[in-house]
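Participant: Have a look at the structure that comes next, please.
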Amino acid sequence: MSDCNGKLVVFDLDDTLYKERDFVASAYNTIASLLAEKYNLNVVEMIEIMTNAPINPFDSLAEYLKQYSDNSGVAIAEDIPWMIDAYRFHKPTLMLDEEFRATLTQLVADGFRLGVITDGRTVSQMNKFYALGLDAYFDCSLVLISEAIGADKSQPDAFRRMMKQNPDISQFYYVGDNPAKDFLWPNRLGWTTVQLNDDGRNVHPQSIELPTDDYRPQFSINNLSDLLGILIH
């Protein structure tokens, strides 16, 4: 086995360490449950309305609530901005996949340093991070979120910052899912890039036309455990 102490493995969060659809489902359940408890509404019906909305889930739910209010005479205070805030900032119910848990445990045991670079709002992303129990494997100082640093992954800032924070590291790896934005800058900065292939549940497609070859990952894997074969050689 090679010396792993000089290697840092950085992960994307959404659709890499968990499925973003699970966060959406958790948010819908939270919104519906809060409304049901307050107004004696049907949780399942509201979740179905949001899930099957033709355009915007909150527009559809707001229309449902308006009809209910008109028919019942019960005033409902919760509006679309409330729904959006509840969606973004709820504490999600998420589970880390057992294979992922085993792989992260192995990486830590083998001496790899682990980090996260993710786009999104700081509160939302950290809520996901803690819900998944990722603080057992990652140093929170190595979790870089676009809102917090003022730049998303279409820019080099987060990757350069990660390198600056880890001057003793000789090999950097980035594991993501979205070739439209995940691999361009780590490729250009000399990192090794790895795409976790879509199992059919990802939000963003992977089979897309890319502007240049440096958007492409250097490796693709079907299971996170396959990462070990790339890292340990």
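Participant: With respect to ASP59, determine if the residue is over 19 Å from PHE89 (Cβ atoms), of a type in the set (Asp, Glu), modelled with pLDDT of 95 or more and surrounded by 16 or more Cβ atoms within 10 Å (Cβ to Cβ). So that I can check it myself, show each step before the final result.
Facilitator: Numbers: over 19 Å from PHE89 (Cβ atoms): yes; of a type in the set (Asp, Glu): yes; modelled with pLDDT of 95 or more: yes; surrounded by 16 or more Cβ atoms within 10 Å (Cβ to Cβ): no.
No.
Participant: Now a separate question. Yes or no: segment 171-184 includes at least one residue that is farther than 17 Å from PHE112 by Cα, in a helix (DSSP H, G or I) and aromatic (Phe, Trp, Tyr).
Facilitator: Taking every residue of segment 171-184 in turn, none turns out to be farther than 17 Å from PHE112 by Cα, in a helix (DSSP H, G or I) and aromatic (Phe, Trp, Tyr).
Participant: Restricting the search to segment 122-149, which residues are charged (D, E, K, R) and closer than 14 Å to ASP12 by Cα?
Facilitator: First pass over segment 122-149, keeping only residues charged (D, E, K, R): 128, 135, 139, 147.
Result: LYS128, single match.
Participant: If you don't mind, another one. Could you please give the count of residues in segment 75-100 that are in a helix (DSSP H, G or I) and without any contact (Cβ under 8 Å) to a residue 24 or more places away in the chain? Before you say what the answer is, go through the steps one by one.
Facilitator: Pass one, segment 75-100, residues in a helix (DSSP H, G or I): 80-89, 98-100.
So of that shortlist, the ones also without any contact (Cβ under 8 Å) to a residue 24 or more places away in the chain come out as 80-82, 85, 98.
Qualifying residue count for the region: 5.
Participant: Does ASN71 count as farther than 30 Å from ALA158 by Cβ, in contact with a helix residue (DSSP H, G or I) (Cβ under 8 Å, 6 or more places away or on another chain) and either in a loop (DSSP other than H, G, I, E, B) or not assigned by TED's automatic domain parsing to the domain that holds SER225 (or both)?
Facilitator: Against the criterion (farther than 30 Å from ALA158 by Cβ, in contact with a helix residue (DSSP H, G or I) (Cβ under 8 Å, 6 or more places away or on another chain) and either in a loop (DSSP other than H, G, I, E, B) or not assigned by TED's automatic domain parsing to the domain that holds SER225 (or both)), ASN71 does not qualify.
Participant: Could you tell me which residue of segment 23-40 is farthest from the chain's Cα centre (by Cα), considering only residues that are surrounded by fewer than 19 Cβ atoms within 10 Å (Cβ to Cβ) and aliphatic (A, V, I, L, M)?
Facilitator: ALA36
Participant: For segment 143-185, which residues satisfy the criterion of being touching a residue at least 40 places away in the same chain (Cβ under 8 Å) and either more than 15 Å from the chain's Cα centre (by Cα) or not assigned by TED's automatic domain parsing to the domain that holds LEU227 (or both)?
Facilitator: Correct list: ALA158, PHE159, MET162, ASN166, ASP168, ILE169, SER170, GLN171, PHE172, TYR173.
Participant: How many residues does segment 17-56 hold that are more than 14 Å from MET83 (Cβ to Cβ), touching a residue at least 12 places away in the same chain (Cβ under 8 Å) and assigned to a loop (DSSP other than H, G, I, E, B)?
Facilitator: Here the count works out to 2.
Participant: Please name all residue pairs, on different chains or six or more residues apart, with Cβ atoms under 6 Å, provided the first residue is in segment 217-233 and is in the same structural domain as GLY111 (by TED's automatic domain parsing) and the second residue is hydroxyl-bearing (Ser, Thr, Tyr) and surrounded by 15 or more Cβ atoms within 10 Å (Cβ to Cβ).
Facilitator: Taking only residues 6 or more apart or on different chains, the pairs are PRO217/THR193; GLN218/THR192; GLN218/THR193; LEU224/THR103; SER225/THR103.
Participant: Oh, and also: Kindly indicate the residue of segment 109-142 that is hydroxyl-bearing (Ser, Thr, Tyr) and loosely packed, with under 15 Cβ neighbours inside 10 Å and also nearest to LEU231 (Cα to Cα) among those meeting that condition.
Facilitator: Out of the qualifying residues, it is SER141.
The values are calculated or read from the model by the stated rules, or taken from the named source; none is laboratory data. Computed from a predicted structure; not experimentally measured. Positions of Cβ are backbone-derived with ideal geometry, glycine not excepted, and every protein chain shown enters the neighbour counts.
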